[in-house]
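The structure under discussion appears below in the form of structure tokens.
The values are calculated or read from the model by the stated rules, or taken from the named source; none is laboratory data. Quick caveat, the model's predicted, so the values are computed rather than measured. No Cβ is skipped: glycine too gets one built from the backbone with ideal geometry, and neighbour counts run over all protein chains shown. Accessible surface areas use protein heavy atoms only, side chains included; no ligands, DNA or RNA. Shrake-Rupley method; radii C 1.70, N 1.55, O 1.52, S 1.80 Å.
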Amino acid sequence: CLGYPGMDTPTETVRQTINQWLRENNEQKLWDFAAIVEENGRLISNYDSGDHLHFNAIGGLMIARQIVSDFFKGE
């Protein structure tokens, strides 16, 4: 699936399916954290904590910036 050990799991497949559904059926405002820190279903290396699953502090900062930006735009 993603080319990382342990990521070719039914759980990851479900996560990807749910994320896709949420992106396509977003009737209310949801923040898509994966879209902020992932590219092609993988964590962007600058935001990876090292386990290819959890984002690091820089990834967290990017998510926080997006939330603040959306908040002040009134989204």
Report, by chain and number, residues whose modeled amide H sits under 5 Å from the one on LEU53, excluding near sequence neighbours (fewer than 5 apart, same chain). none
On a 1.4 Å probe surface of the protein chains, which of ILE44, ILE63, ILE58 comes out largest in accessible area, and what is the full order? ILE58, ILE44, ILE63
Ignoring ligands, DNA and RNA, what percent of the accessible area of the chain is carbon or sulfur (1.4 Å)? 57
Compute from the Cα atoms of the stretch 7-75 the Rg and the Dmax, the latter being the longest Cα-Cα distance, and quote both in angstrom. 13.0, 38
With axes computed from alpha carbons, what is the tilt in degrees of helix 10-24 against the longest principal axis of the chain, rounded to the nearest 10 within 0 to 90? 30
ALA57 paired with PHE33, simple spin-label distance in nm, labels 7 Å along Cα-to-beta-carbon: 1.8
Roughly how many whole Å is it from the C-alpha centroid of the stretch 53-75 to that of the stretch 6-44? 16
Using Cα atoms only, what is the angle between the long axis of helix 57-73 and the major principal axis of the chain, expressed in degrees (0 to 90) to the nearest 10? 30
Trypsin sites (Lys or Arg not before Pro) lying in DSSP loop within the stretch 14-46, provided at most 16 other Cβ fall within 10 Å: LYS29
Go through ASP51, ASP32 and list them by solvent-accessible area, largest first, probe radius 1.4 Å. ASP51, ASP32
To the nearest 10 square angstrom, what accessible area does VAL68 show with a 1.4 Å probe? 80
